[in-house]
Amino acid sequence: MTSVTVLGLGPMGRALAAAFIAAGHPTTVWNRTPGKENGLDATVAGTAAEAIAASPLVVVCVRDYAAAQAILDPGALNGRTLVNTTGGSPAQARELASWAAAHEIGYLDGVIVATTAAIGGPEATLFYSGPADAYEKHRGTLAALGENTTHLGEDPGRAAAFDASLQDMLWTSMSGVVHMFALAEAEHIDAADIAGHAKALLGFFPDLIDLLAGQVAAGHYPGDAGTLEATAATMDHVLSAIRAKNLDNGVLSAARAEVQRAIDAGHGSDGFGRLAARFTGAAGGGAS
């Protein structure tokens with residue numbers, strides 16, 4: 001069994017170490033603050049460099065990229081594979097990958113889409129990007145962290161880009177959810193009464209994502225399922241209700257303004273997917 005080093009024993013780092021240990025991998029751990037290794041059947045290193053030297057595969061999971069760079073010893077890492085599961089931007093991932101390459105360190109960038117409780121089980125999803133040979137070499141070991149692992153490509157920033165894109169959808173959507181509750185409360189509707197109806201309304205969402213993905217991929221935005229002009233009218237009704245209750249309308253107003261810009265550019269009969277072209281600066285591209 002390949003030995004593994006885990007740097008960083010915050011809640012997620014500890015979960016990663018526990019999963020490797022449970023799968024039978026000899027595991028060495030290090031954390032800046034002593035004591036967090038308590039209860040783990042692991043070898044505890046006195047320094048980050050000692051921990052790195054103990055294993056051919058080094059997994060780092062700390063607060064941010066600055067913290068990761070501060071503890072990564074290029075001399076100790078030389079000839080080893082570094083898997084960075086510290087959250088960050090695609091640009092940061094590519095920058096760290098370049099640093100690793102300059103020091104002859106194998107590098108994979110990893111993104112964890114799971115709670116700490118899910119790590120090591122069937123519900124844990126992990127994305128990796130970087131050299132395919134590095135991923136294949138350690139694929140079996142990394143499988144200890146979760147059953148749903150995907151190598152997204154050679155670009156080291158690709159996993160972080162997937163994560164940022166998905167998180168963009170998540171938090172924009174979550175903002176809409178809490179705003180829904182605020183408007184409902186203002187209209188004397190209990191959150192529990194509307195929650196079930198909200199979930200039913202979103203039942204069409206997976207199919208809608210597929211529809212919009214097809215439009216964006218093809219650069220063709222038919223309004224068969226609803227035009228931007230019709231969308232604008234619906235948004236205006238909702239904004240009227242929000243303003244009547246003196247609630248903040250910044251998010252929906254911004255979305256409504258983007259729809260109007262597309263309409264003003266002559267795309268009122270197009271579908272909602274047209275906005276993706278506008279966001280990327282390709283407003284004139286693609287046929288309706």
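Figures for the structure shown
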read-out	value
Anisotropy class of segment 190-279 from Cα gyration tensor, a/c 1.5 cut	oblate
Hull-based mean projected area of segment 61-116, where the convex hull spans the alpha carbons, in square nanometres	3.8 nm²
Taking VAL62, VAL29 and counting other C-beta atoms within 10 Å, the order from fewest to most	VAL62, VAL29
Charge-dipole axis of segment 205-283 as Lys and Arg at +1 and Asp and Glu at -1 on Cβ define it, positive-most pick from ILE209, PHE279, ALA230	PHE279
Net charge contributed by nearby residues that have their C-beta within less than 9 Å of ASN31 (K/R +1, D/E -1)	+2
The chain: most fluctuating residue of ALA51, ALA93, ALA192 per GNM, C-alpha cutoff 10 Å	ALA192
Proximal charge balance of PRO222 [Cβ under 12 Å; K/R count +1, D/E count -1]	-1
Calculated [θ] (222 nm, deg cm²/dmol) that DSSP helices of n ≥ 4 give over the chain, each run adding -39,500 (n - 2.57)	-15500 deg cm²/dmol
Total charge dipole magnitude, segment 4-154, about the Cα centre, Cβ charges on Lys, Arg, Asp, Glu only, Debye to nearest 20	240 debye
Net dipole in debye of the chain [+1 Lys, Arg Cβ; -1 Asp, Glu Cβ; about Cα centre; nearest 20]	460 debye
Span from the segment 152-217 Cα centroid across to the segment 89-150 one, whole angstrom	26 Å
C-alpha long axis of helix 132-142 to longest principal axis of the chain, angle in °	80 degrees
Evaluated over segment 134-288, the Cα radius of gyration and Dmax, each in Å	19.4, 60
√(5λ) per eigenvalue of the Cα gyration tensor, segment 1-71, largest first, Å	17, 13, 11
Neighbour-count order for SER269, SER98, fewest beta carbons within 10 angstrom listed first	SER98, SER269
Relative contact order (percent, whole number), the chain, Cα cutoff 8 Å, 6+ residue spacing	12 percent
Stokes-Einstein translational diffusion, segment 4-154 - Kirkwood Rh over all Cα pairs, 1.567 mPa s, 4 °C, in µm²/s	86 µm²/s
Relative pair counts by distance (%), Cα atoms of the chain, 10 Å bins	6, 23, 25, 18, 18, 10, 1
Environment charge at GLY10 (Cβ cut-off 9 Å; Lys +1, Arg +1, Asp -1, Glu -1)	+3
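Bear in mind these aren't lab numbers, they're just calculated from the coordinates by the rules spelled out. On a predicted model such as this, the values are computed, not experimentally measured, just so you know. When we count neighbours, we look across all protein chains shown, and the Cβ atoms used for this are built from the backbone with ideal geometry, even at glycine.
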